[in-house]
Amino acid sequence: MTETVVPKRIGFKSVFVLLISVSIGLLLLSKPLMSTGLAKEWSMFLATGISASIGLSYILLKIEGPVEDASVKKKRMLLAVVVSFVISFILAFVAR
């Protein structure tokens, strides 16, 4: 069976893990980023982007069909980071 970059189906467990990771990331990272002098919008953007990247990477690599191929792993990691930061940017700056 060939491995694809995007899994065919995302389950409820994956959605729950992503929501929990983003929530925890916002709770733990937004205040320290604001204390470094970043504006509230930028700290929310970075906290959401980082936590969503970690959560989505975990989901794509461990939960939704573990992969063996190193190139597919790299592509999934890149996909997770790009999608996470694009969505975070839209939520923090465009959709206010």
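What to note about this one:
- Dimensionless Rg/Rh of the chain - Kirkwood Rh, Rg from C-alpha atoms: 1.04
- Listed by chain and number, the aspartates and glutamates whose alpha-carbon sits under 17 Å from that of residue 13, ignoring those within fewer than 8 places in the same chain, are 64.
- Sparsely packed trypsin sites (Lys or Arg not before Pro) within the stretch 5-70, loop by DSSP, other Cβ within 10 Å at most 10: 8, 9
- Taking every DSSP helix (H) stretch of at least 4 residues in the chain, weighting each as -39,500 (n - 2.57) and dividing the sum by the residue count yields a mean residue ellipticity at 222 nm of -22500 deg cm²/dmol.
- Shape box of the stretch 45-96 [Cα atoms, principal axes, largest first, Å]: 40, 17, 14
- The relative contact order of the chain, computed from alpha carbon pairs under 8 Å that lie at least 6 residues apart in sequence, is 36 percent.
- Partners for residue 8 among lysines (Cα-Cα distance below 26 Å; same-chain residues under 8 apart left out): 62, 73, 74, 75
No value in this document is a laboratory result; all are computed from the given coordinates. None of these values were measured; they are calculated from a predicted model. Neighbour counts are summed over all protein chains in view; Cβ atoms, including those assigned to glycine, are modelled from backbone coordinates with ideal geometry.
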